[in-house]
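Step one of this worksheet: look at the structure below.
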Amino acid sequence: MNHITAINSINRVPSFGAKLQVLNSSKPKYISDPDNDIDREKGDEYLKTGEFNKAAQFYRASLDITPNNPETHLHLAKTYSLNRQYKEAIPHLEQYLKSNENDIENITLLGECYKKNGMFSKAIECFNRALAIEPKYDYARRNLLDTQNLKLACIDPTKARKERYETAVNNLTEAVKIAKGFLPKGYTNDMKDITVSFDKTSSMGGRSNIAQYEHNKRKISVTDEYTYASPKLTGAYLIHEFTHGKDNDPYTSVREEQDAYRVQARYWVNNVHDVYDPEMDYVADLYKQSAEALDARVAEIYRLRDPGIAETSYNHPPTKGKAAAFSLSGSADQPLKAYEIIV
């Protein structure tokens, strides 16, 4: 089971990569009008479905007509970034930020693009700029610390490697402690064989999974991009993964994901007030509206990603024994899927 908390990012970047047919023609037809920007609309459609090269073509066509549109520059920059074309993203982010100078999310994205291109001093300037606006912004903070370590590695790789290792051990140890302290007493007693580590994780839609549980390996991995993240933030994702690990089976369902999100959201709402993270704050805001509002959003995203996802699975909802799993069609004959869980 793999899983990434990206419930909000479907509004900003395509984390689920649903391959929906947007255009009948495989070859884009460019039609641009400053008052009715069809090119940008088409670019948005392709961006949502993870077809980054096509999205970029339409955004570039739009900029040929309206070269100073900051939103189009931003969308093109995000498309390039998700397609790992960080160098190409930089000038468009710089153009966007000329008219949106306090947008900390995209100041940090610019810093990340600088970092990916080895421009560490410029990256550090961006992260410090974002933190001057919002000191609690963990995305900027963890990128700043990561970049400082990468810069150190250019001078003293042994010292940098030791510093990174010690930080990873300390932060992950604290995150596990936080997760176990929040969950009911004894909740993880039957998960002592599960290993937890910072590691490379699978990717979808241009983004690494934040965290993933692999049942066959009895392993929880948190992306190594979170090595310098607040343990409180990492702890939120471990709480979610422990919910999956508790079932001790390779299956997921809409109900299981909803349960995992509810527990994660409850932790964030009640325990974390000094870390700003757009992903978790969005989950928390939905939960504060109502648990049902969060459930609805989770169901929407999972059904978009996999229309055949089962509605229930073993232990979700809880039963006295192993209950039959029902697909969305209500048929008990359709087997559950053992596949990577994406949150």
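The values are calculated or read from the model by the stated rules, or taken from the named source; none is laboratory data. Computed from a predicted model, the values in this text were never measured in an experiment. When we count neighbours, we look across all protein chains shown, and the Cβ atoms used for this are built from the backbone with ideal geometry, even at glycine.
Quick notes on this structure:
- Residue 307 vs. criteria at pLDDT below 75 and either surrounded by fewer than 20 Cβ atoms within 10 Å (Cβ to Cβ) or touching an Asp or Glu at 6+ places or on another chain (Cβ under 6 Å) (or both): no
Each row is one residue, and each column tells you yes or no for (1) surrounded by 19 or more Cβ atoms within 10 Å (Cβ to Cβ); (2) in a loop (DSSP other than H, G, I, E, B); (3) not assigned by TED's automatic domain parsing to the domain that holds residue 147.
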site	(1), (2), (3)
41	no, no, no
72	yes, no, no
111	yes, no, no
114	yes, no, no
135	no, yes, no
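Okay, residues lined up against (1) part of a helix (DSSP H, G or I); (2) of a type outside the set (Val, Ile, Thr); (3) touching a residue at least 12 places away in the same chain (Cβ under 8 Å):
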position	(1), (2), (3)
212	no, yes, yes
220	no, no, yes
228	no, yes, yes
236	yes, yes, yes
246	yes, yes, yes
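- Filter result for the condition that a residue is more than 18 Å from the chain's Cα centre (by Cα) and under 27 Å from residue 209 (Cα atoms), over 106, 69, 53: 53
- Subset of region 127-157 (residues that are among the β-branched types (Val, Ile, Thr) and either in contact with a helix residue (DSSP H, G or I) (Cβ under 9 Å, 6 or more places away or on another chain) or under 22 Å from residue 223 (Cβ atoms) (or both)): 133, 147
- Per the conditions (1) surrounded by fewer than 16 Cβ atoms within 10 Å (Cβ to Cβ); (2) among the hydrophobic types (A, V, I, L, M, F, W, C); (3) in the same structural domain as residue 240 (by TED's automatic domain parsing), the sole criterion not satisfied by residue 154 is (3).
- Residue 94 being in the same structural domain as residue 154 (by TED's automatic domain parsing) and without any contact (Cβ under 8 Å) to a residue 12 or more places away in the chain: no
- The set of residues from region 273-304 being modelled with pLDDT of 90 or more and charged (D, E, K, R) comprises 274, 277, 279, 281, 285, 288, 292, 295, 297, 300.
- Where residue 125 falls short, out of the listed (1) exposed (fewer than 14 other Cβ atoms within 10 Å of the Cβ); (2) of a type in the set (Asp, Glu); (3) touching a Gly at 6+ places or on another chain (Cβ under 8 Å): (1)
- Of residues in region 324-338 being among the hydrophobic types (A, V, I, L, M, F, W, C) and closer than 19 Å to residue 245 by Cβ, the one modelled with the lowest pLDDT: 338
- With respect to (1) more than 23 Å from residue 235 (Cα to Cα); (2) out of contact with any strand residue (DSSP E or B) (no Cβ under 8 Å at 6 or more places or on another chain), the lone exception for residue 184 is condition (1).
- The combined condition, being free of Cβ contacts under 8 Å to residues at least 60 places away in the same chain, in a helix (DSSP H, G or I), buried (at least 22 other Cβ atoms within 10 Å of the Cβ) and among the acidic types (Asp, Glu), is not fulfilled by residue 88.
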